[in-house]
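The values are calculated or read from the model by the stated rules, or taken from the named source; none is laboratory data. What you are looking at is a predicted structure, and each value in this text was computed from that prediction instead of being measured. Positions of Cβ are backbone-derived with ideal geometry, glycine not excepted, and every protein chain shown enters the neighbour counts. For the accessible areas, the whole protein counts, side chains as well, though only heavy atoms, and no ligand, DNA or RNA atoms are used. Shrake-Rupley method; radii C 1.70, N 1.55, O 1.52, S 1.80 Å.
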Amino acid sequence: MRLFQQYLNGVFEPGSQTFESLDPATGKPWAVMPEARAQDVHRAVVAARQALTGPAWAGLTPTQRGKLLYRLADLVAENAQTLAEIETRDTGKIIRETSAQIAYVAEYYRYYAGLADKIHGAHLPIDKPDMEVWLRREPVGVVAAIVPWNSQLFLAAVKLGPALAAGCTVVLKASEDGPGPLLEFARLVDAAGFPPGVVNVLTGFGADCGARLTTHPQVDHVAFTGGPGTARHIVRNSAENLASTSLELGGKSPFIVFDDADLDSAVNAQVAGIFAATGQSCVAGSRLIIQAGVKQRFLEIVKAKAEAIVIGDPGDMATEVGPLCSQRQRSHIAQTVADSIAAGATLITGGAAPDAPGFYYRPTILDCPHSRIPAVATELFGPVLSVLTFETEAEALALANDTQYGLASGVFTRNLSRAHRMIRGIRAGIVWVNTYRAVSPIAPFGGFGLSGQGREGGLEAALDYTRVKAVWLRTSDEPIPDPFVMR
Ligand code: NAD
């Protein structure tokens, strides 16, 4: 069994406790993980608090912080294959995707490295002749960064990159499901030369480690990615320390296909949108909203493609769909599919686990008569596509917005004016037109409604890790006039 360690105040150490991590492809333990308990969390936060104002970090210029981030980016790129292999082994995400995604994660660190010395305040044209007033942008403080199991290196990069560029320090909690890649990543943080305490990486269970971290009185900001249920706990808990929060939650994203769309392109985007990453993607295009005239043809092709998908060992480059991350996740999906069929959905393909060890589930398509079918209403986070049918553009928009979520959306049409009307009407943080599942460090990412608040990626995300200090400097040599009148 492979042993992983937590990274706390610049030191690698076993956690107070340990737990076994299962290989989702076999269902058997393959590694021993550190489990951070109250004491570990406390020490990590105190280390981050001390590092925040210590000379080794606070004394760096923003350009020097950027150089550390460039070094980290290079190390992530150089070690992408090792990180990918660990992520694949620990979470079941296929190597084809982890190796490509992690190589691109380096670009996020590069983007924020370049931004570090471009985050600046402002000089104000104040309405008083004897005053100079300017704004300083200062780091928000100690950040608790919490991520779920899917795409942990990516979800950590969109928090660490802007937080470190802004001068914050971070305690990063990896998911208890598949924490290996982030614990390995800590070695790169160390090798890049960040001062001790600036980045601390630990893992543990949500109700204990996660709750203690987010309620810690010395945490200033919680950057969270996960489910809306957990987000509610975090927001309630923030009443304790009044930490600010940014929340990247799930989705039930509409994938709308009009009858004038390029169907071949739309089919491929749909397959990518729901079956890539075994559907464990927050932006999964899990609600196909299809115009009646092309429904039969579209579904025939998607069904054929779904049935031809290569399911197997996630470590094999030929595999297209690997296992789900956990048995718990597979049971949840199987139960929701069964409930949906009982509620009136028609199974087009899939709907079962293959006869193999590991946490596999077949790519599944459900034709659904309305939006109250459980597979339409709830996020499954698995390879399950639910299909809704429309006749008119107004119906398409109404179905698209008939959800509490609002993370991503896709529109496939060759009609430019219709595309613009849909862009205006859809309630979601991302609209992809004639494409799907494209990301970049330059473009902000985040949701409306139950999908969360705040944005990751882009310049705004870095500003979110700062707070503004207004400075007043009086330029007059005259004595201050009437002390009883506010100036
Ligand atoms: P989850 O909410 O159960 O867990 C996420 C993280 O929160 C884990 O590290 C967990 O240990 C921690 N946690 C759990 N309870 C906690 C508590 N009380 N206090 C503090 N931390 C706690 O999510 P999950 O099931 O692991 O992940 C899947 C969810 O993540 C899906 O809803 C998915 O859509 C969402 N997600 C969103 C995005 C996005 O960017 N919008 C990206 C990926 C995943």
note = Out of (1) within 7 Å of the ligand (Cβ to nearest atom); (2) of a type outside the set (Ser, Thr, Tyr); (3) over 15 Å from the mean Cα position of the chain (by Cα), the one residue 173 does not meet is (3)
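Scan the range 49-66 and tell me whether some residue there is more than 30 Å from residue 313 (Cβ to Cβ) and either assigned by TED's automatic domain parsing to the domain that holds residue 276 or at pLDDT below 95 (or both).
Within the range 49-66, the first condition is being more than 30 Å from residue 313 (Cβ to Cβ), and the residues that meet it are 49-66.
Filter once more, so that each one left must be either assigned by TED's automatic domain parsing to the domain that holds residue 276 or at pLDDT below 95 (or both): none.
No, the range 49-66 has no match at all.
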ask   = From the list 226, 167, which residue is at pLDDT 95 or above, of a type in the set (Gly, Ala, Ser) and within 11 Å of the ligand (Cβ to nearest atom)?
value = 226
key: Which numbered condition residue 197 misses (of (1) touching a strand residue (DSSP E or B) at 6+ places or on another chain (Cβ under 8 Å); (2) within 11 Å of the ligand (Cβ to nearest atom); (3) under 19 Å from residue 44 (Cα atoms))   = (2)
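Would you mind listing the helices (runs of 4 or more DSSP H) fully within the range 177-241 where at least 1 residues are in contact with an Asp or Glu (Cβ under 8 Å, 6 or more places away or on another chain), open to solvent by 30 Å² or more (accessible area, probe 1.4 Å) and touching a residue at least 12 places away in the same chain (Cβ under 8 Å)? It would help to see each step written out before you state the result.
Working: elements: 180-192, 211-215, 228-241.
Correct list: 211-215.
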task = Assess whether residue 457 counts as being touching a residue at least 60 places away in the same chain (Cβ under 8 Å), within 30 Å of residue 123 (Cα to Cα) and either open to solvent by 30 Å² or more (accessible area, probe 1.4 Å) or not aliphatic (A, V, I, L, M) (or both).
result = yes
task = Could you grab me the full set of residues in the range 397-426 that are open to solvent by 50 Å² or more (accessible area, probe 1.4 Å) and either within 15 Å of the ligand (Cβ to nearest atom) or acidic (Asp, Glu) (or both)?
result = 402, 404
ask   = So how many residues does the range 385-394 have that are part of a helix (DSSP H, G or I) and in contact (Cβ under 8 Å) with a residue 24 or more places away in the chain?
value = 1
ask   = Which ranges mark the strands (runs of 3 or more DSSP E) fully within the range 249-355 that have 2 or more residues being buried (at least 21 other Cβ atoms within 10 Å of the Cβ)?
value = 254-257, 287-291
message = For the structure I just gave you, tell me whether residue 279 is more than 16 Å from the ligand (Cβ to nearest atom), touching a Pro at 6+ places or on another chain (Cβ under 6 Å) and either outside the structural domain of residue 399 (by TED's automatic domain parsing) or not charged (D, E, K, R) (or both).
response = no
key: From the options 112, 104, residue that is in contact with a helix residue (DSSP H, G or I) (Cβ under 7 Å, 6 or more places away or on another chain), closer than 23 Å to residue 439 by Cβ and either within 12 Å of the ligand (Cβ to nearest atom) or in the same structural domain as residue 44 (by TED's automatic domain parsing) (or both)   = 112
request  = Count, please, the residues in the range 41-77 that happen to be of a type in the set (Phe, Trp, Tyr) and either open to solvent by less than 70 Å² (accessible area, probe 1.4 Å) or more than 18 Å from residue 117 (Cβ to Cβ) (or both).
outcome  = 1
note = Selection over the range 201-212 where residues are within 14 Å of residue 147 (Cβ to Cβ) and more than 8 Å from the ligand (Cβ to nearest atom) yields a count of 2
message = Given the options 308, 377, 343, name the one that is of a type in the set (A, V, I, L, M, F, W, C), within 16 Å of the ligand (Cβ to nearest atom) and either under 28 Å from the mean Cα position of the chain (by Cα) or within 26 Å of residue 410 (Cβ to Cβ) (or both).
response = 377
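Going by the conditions given, is residue 397 outside any strand (DSSP E or B) and either under 30 Å from residue 295 (Cβ atoms) or of a type outside the set (Val, Ile, Thr) (or both)? Step through it out loud before you land on a result.
Details: outside any strand (DSSP E or B): yes; either under 30 Å from residue 295 (Cβ atoms) or of a type outside the set (Val, Ile, Thr) (or both): yes.
The answer is yes for residue 397.
Search the range 131-151 for residues being at pLDDT below 95 and of a type outside the set (Gly, Ala, Ser), and hand back the single one that is nearest to residue 46 (Cα to Cα). Give the derivation first.
Taking the range 131-151 and keeping what is at pLDDT below 95, we get 149-151.
Still in the list and also of a type outside the set (Gly, Ala, Ser): 149-150.
Numbers: 149: 26, 150: 28 Å.
The extreme case among them is 149.
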task = Could you list all residues from the range 78-92 that are surrounded by fewer than 24 Cβ atoms within 10 Å (Cβ to Cβ) and either among the acidic types (Asp, Glu) or outside the structural domain of residue 108 (by TED's automatic domain parsing) (or both)?
result = 78, 85
task = Count, please, the residues in the range 405-437 that happen to be modelled with pLDDT of 95 or more and either hydroxyl-bearing (Ser, Thr, Tyr) or in a loop (DSSP other than H, G, I, E, B) (or both).
result = 18
